[in-house]
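Worksheet: the structure to be examined is printed underneath.
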Amino acid sequence: MVTAAFRRLLDSYILAIMSTSTALPLPQDRPQPTRETVESIIVAFILAFLFRAFVAEAFVIPTGSMAPTLMGAHKDLSCVHCGMPYQASASAEFDSDTGALTKQKTVASMCANCRGLNKYDFRHNPNHATFSGDRILVSKFDYVFSEPERWDVFVFKYPREARMNYIKRLVGLPGERLLIREGDVYLSPLEGTASWTIARKPPHKIRAMRQIVFDTEHVPAKLIQAGWPGSWQPWGGDVDDRASGWVIERSPDRWTARLRPTPQTTFLRYFHKVLDVPHWEAFIDGGTLPEISPYHSRLITDYLAYNSRITVSPADAIFDWKTPAWGRFLPSFLAPGPKWVLSEEVPEEKTAFDAAVERGVPMASGYAALPDGLHWVGDLCGQFDVEVVSAEGTLVLDLVEFGIHYRVEIDVASGEAKMVALDGARKLPLFEENPETTGRTTLRGPGRYCVEFANFDDSLVLWIDGDVVHFDHSTEYDSRQFRPGDDRRPYWSEEDPLDAAPVGIGGRNIDMTVRRARVYRDVYYIAIQRIAGSGQYSALNYTDYDMRTNLAARNDIVLDPQVRAQLHSDAEAVFAVYGQPQWWEQTKLFSLRGTREFELREGEYFPMGDNSAESSDARAWVGHHYVEQRFLLGKALLIFWPHTWNTPVPYTPNLQRMRLIR
């Protein structure tokens, strides 16, 4: 109907044009190709305009504020040490307003999995070039007939500058008070005195938003050969018999962990180990690794490899500003502009990073000192590829937060799953005032299964082969009932590592092999702190902690005076505490985490980026911490065209990243 109406309108318009023409009329028995062509082109343009204006529109992601969900200008890499695919930001290479190249160039980054330094080889690896941001399709129809929903990825006009389009995740809705605390979001009605409740992600959002911490499929061969202890270690509770039942095969080619039937429950637990850049570099250059206990661990943080880029400035210290020679054969409107090319003065065998170090060129990193985040993340997920050999026995999954064990036991013979929460030996009445709850699973008898267990936003979720397991009682809870106030900290003891080994898989009377183990974390929303005496926020204050209180000098933060004497910054003080479990009970660090509170009135929405440490969103907007409904453009649907690969064949489509946006 719309097309017919437009055609009638166009008929009258074109007839009017033709009536004023001095050209001779065409014979009536001849076709009129010019009219048909013009009409078709005009109709196509009008329909395209209508589609763009009212149905859907394509956007290019400019920055990494939504990484790893959506990428801005970035590097797409495979770690040279462990093979883990990961992405790193390159947005600093472009002016945020004009898109023009700046005098900054990213030359290296650190892996998401092993934290190894990856130096970009601009001469020999075309895929180390900077790729443009994801191209996405945004539906403008969704918010015409339905209200925006929490956790949507949506596009809107920046309230302070309507010509700028932003893309974030929708977190706060109209009529709510919103509190950011300990990485989570709490809500309460704007009217009344109702208490805060945590904002929980549904299971499909948990899987879409979780971020990788460690994957046994990607372990550096050199570390294994050098005897660096693995992150997964047996733990039976008895110091003299921790390895009872477990046999771990750890080689450069594969990792497996076999559990033979034992009458008592024995676990394989994850001990988080981070090798810093200086030790990595010394080891690569032929040095030795520091000695470390297999059971040494530090807290899991909000580290994100995307933010680990290392940038040189000015770029012209080791790069030349050149136009590609092949560009002169193209028309001017197709010819590429100049870009930074590694100087011919840099030796062939040297990378840009090496040259910058040798010449003393200033370099900036997304992470200071240790390649790690500043915030402890207790919301975790374990994913295991398991082969069950025996027809009976019990498979056990375990997650720890605030010193509480959240545990699922699955009877292999019947498929029944039982969930409990243990504070020491005491079962907590977590499940609608019940100490345990049961559910039915498809994990029955011998076979291969993918088992996932998550504790995100005070909600426990179990998946078997991708399907959510439903329990008799709600598995949502309020951790503040059991860990209020200053008790909301990590726990550790000699007998039980607790938050120092927060993910585990085990069993009793079962024969099984774990063929792959992955640890994920939740997004940590940072309650960025205001600079004292001003209304402004700074990237240096994208932290829950007040970093002006000289944490490094406080004896109630860093308990060992010898360690304090070696610290140079508050960030180093935080890292020191995270790596000393025996301090966690006494340090005041965790009580210094700040909070942020906001109010949303009718028609006001609160957006935040998934890359919380580098997202300019409503938390940081001064005097205007919301988006009005009139500025909403639509809901992000899919990545329809990510970057293409430069090798082995130029412009090879990156099909793996073409997907729906969740």
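Numbers at a glance
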item	result
Relative contact order %, the chain, counting alpha carbon pairs below 8 Å whose residues are six or more apart	19
Selected from 74, 600, 640, residue furthest toward positive end of dipole (the chain; charges at beta carbon)	640
Kyte-Doolittle mean at least 1.0 and Cα axial length at least 15 Å: DSSP H helices in the chain	2-19, 33-50
Nearest-10 value in Å² for the accessible area of residue 377, using the 1.4 Å probe	10
Full-stretch length increase - residue 413, residue 358 - with 0.36 nm per residue and alpha-carbon distance subtracted	13.5 nm
Residue 325 paired with residue 193, simple spin-label distance in nm, labels 7 Å along Cα-to-beta-carbon	8.0
Cα gyration tensor, region 519-662 - rounded (a/c under 1.5), prolate or oblate	oblate
Estimated vicinal HN-Hα couplings, Hz - region 64-81 in sequence order (Karplus 6.51, -1.76, 1.60; Gly, Pro = x)	x, 5, 10, 5, x, 5, 9, 9, x, 4, 7, 9, 10, 10, 10, 4, 6, 9
Exposed GluC sites (Glu not before Pro) absent: longest stretch of the chain, with sites in DSSP loops and at most 11 other Cβ within 10 Å deemed exposed	1-190
In Hz, Karplus ³J(HN,Hα) per residue of region 432-443 (6.51, -1.76, 1.60; θ = phi - 60°; x = Gly, Pro)	6, 6, 9, x, 7, 9, 10, x, 9, 10, 8, 7
Rounded to the nearest 10 Å², the accessible area of residue 119 at probe 1.4 Å	60
Förster radius 25 Å - calculated FRET efficiency between residue 566 and residue 226 (Cβ-Cβ, nearest 0.05)	0.45
Candidate aspartates and glutamates - alpha carbon under 15 Å from residue 222, same-chain residues fewer than 8 apart omitted	253, 281, 285
Straight-distance crosslink candidates among aspartates and glutamates, where the alpha carbon sits under 13 Å from residue 339 and sequence neighbours closer than 8 are dropped	93, 316, 320
Mean residue ellipticity (222 nm) of the chain, computed from DSSP H runs ≥ 4 via -39,500 (n - 2.57), nearest 500	-3500 deg cm²/dmol
Contour excess over end-to-end distance, with Cα ends at residue 621 and residue 121 and 0.36 nm allotted per residue	176.2 nm
Dipole of the chain, positive direction: furthest Cα of 655, 174, 509, with charges on the beta-carbon	655
Accessible carbon and sulfur surface of the chain relative to its total accessible area, %, 1.4 Å	53
Förster radius 35 Å - calculated FRET efficiency between residue 434 and residue 640 (Cβ-Cβ, nearest 0.05)	0.15
Rounded to the nearest 20 debye, dipole of the chain from Cβ charges on Lys, Arg, Asp, Glu	1740
J(HN,Hα) series, region 117-130, from Karplus relation 6.51 cos²θ - 1.76 cosθ + 1.60, nearest Hz, glycine and proline x	6, 10, 8, 6, 9, 5, 7, 10, 10, x, 6, 8, 5, 7
Selection from 382, 261, 437 lying farthest towards where the dipole of the chain points positive, charges on Cβ	382
5 angstrom amide H check on residue 342, placed H, neighbours 5+ away	320
For the chain: accessible area per residue (Å², 1.4 Å)	46
Restraint check, 168/635; 119/350; 201/273, Cα-Cα greater than 18 Å	201/273
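The values are calculated or read from the model by the stated rules, or taken from the named source; none is laboratory data. Please read these numbers as outputs of a predicted model, since none were measured by experiment. With ideal geometry, Cβ positions are generated from the backbone for all residues, glycine too; neighbour counts draw on all protein chains shown. For accessibility, only protein heavy atoms count, side chains too; no ligands or nucleic acids. Shrake-Rupley method; radii C 1.70, N 1.55, O 1.52, S 1.80 Å.
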